[in-house]
Structure formats: structure tokens, C-alpha cells
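Just so it is clear, none of the values below were taken in a lab; they were calculated from the coordinates. Everything numeric here is computed off the predicted structure, so don't read it as measured data. Virtual Cβ from ideal backbone geometry, glycine too; neighbours counted across all protein chains shown.
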Amino acid sequence: MALGRGSAVVLLLCFLLLHSQMARAATYTVGDSGGWTFNTVAWPKGKLFRAGDTLAFNYSPGTHNVVAVNKAGYDSCKTPRGAKVYKSGTDQIRLAKGQNYFICNYVGHCESGMKIAINAA
């Protein structure tokens, strides 16, 4: 089945739109040069995040981890059942549209500010 001229143009426009969305995605190193550590709760302030951006969590494995949680898990510093736990030390996590919450669930770490809440447009 051959595409008509109009269908080909629509297909090309869809490809360009998808490509431009991917090209705009940014990568942010959580905690900047200090990495994912204590008192990073304020790190997102002043930054504009978009769905599809990537967060790079750099830390010493075995000392910290990253857990993608819901708002209740973020507020209580508790890991909900079924939460995704990252522990490589070089985790790359793509942001979903809306609220994204991350904590370290080692005892006392989240309570010491090792958590971030990010709203991705």
C-alpha cells in the first residue's frame, strides 16, 4: 500500500515532532558535583524539568540507594510495596509527566533530607 502525498507529510511531521521532543530532553545530575547525598531535598529548586528528562543519581553503592516512591512514601520516608529500588550507584531515571518522588531508604537517610520531589511539565 503506497502512502499518498498528504499521509507522507503527516508521517514526516510526526517523526520531526518526536525527534524534537527527544532532542530537548536534558540530563540533570542530582546534587550536582556533590551527587546524591544528604540535604539534597532543595536541589530541584529553580530548575525546570520536563517529562522525558533524565536524572543521573551518582552515589556509592552499598551506602545509599534510590527509590521511586509515591507522595505518601516521600512524605513518610517509607518504601511502598512494589516500589522500584535502584542500587547501581550510577542510576539514570527518566522523568514522567507530573510529580516524581525519590528517596534513599537506608535508615535515617530520607529523614536527613536525602529525598527529592520533582514536577515535570
**Request:** Select from L48, G108, S88 the residue farthest towards the positive end of the dipole of the range 26-120; place +1 on Cβ of Lys and Arg, -1 on Cβ of Asp and Glu, and compute about the Cα centre.
**Result:** L48
**Complete:** The residues R94, R24, R81, sorted from fewest to most surrounding Cβ atoms within 10 Å, come out as R81, R24, R94
**Request:** Please report L55, L48 as a ranked list, fewest other C-beta atoms within 10 angstrom at the top and most at the bottom.
**Result:** L48, L55
**Request:** Would you compute, for the Cα atoms of the range 26-120, the largest minus smallest coordinate along each principal axis and list the three values in descending order, in whole Å?
**Result:** 31, 27, 21
**Message:** Under a crude label model (7 Å from the Cα following the beta-carbon direction), how far is S33 from V107 in nanometres?
**Reply:** 3.5 nm
**Request:** Treat every Asp and Glu Cβ in the range 26-120 as -1 and every Lys and Arg Cβ as +1, leave all other atoms uncharged, and give the resulting dipole magnitude about the Cα centre to the nearest 20 debye.
**Result:** 300 debye
**Asked** Sorting W36, W43 on the 10 Å Cβ count, fewest up front, what's the list?
**Response** W43, W36
**Item:** Antiparallel %, DSSP beta bridges [both residues in the range 26-120], to 5
**Value:** 75 percent
**Asked** Can you pick out the pairs among K47/K115; K71/K97; K47/K71; K45/K115; K45/K78; K45/K84 whose Cα atoms lie more than 18 Å from each other?
**Response** K47/K71; K45/K78; K45/K84
**Message:** Run the numbers for A121 and R50: contour at 0.36 nm per residue of separation, minus the present Cα-Cα distance, in nm.
**Reply:** 25.1 nm
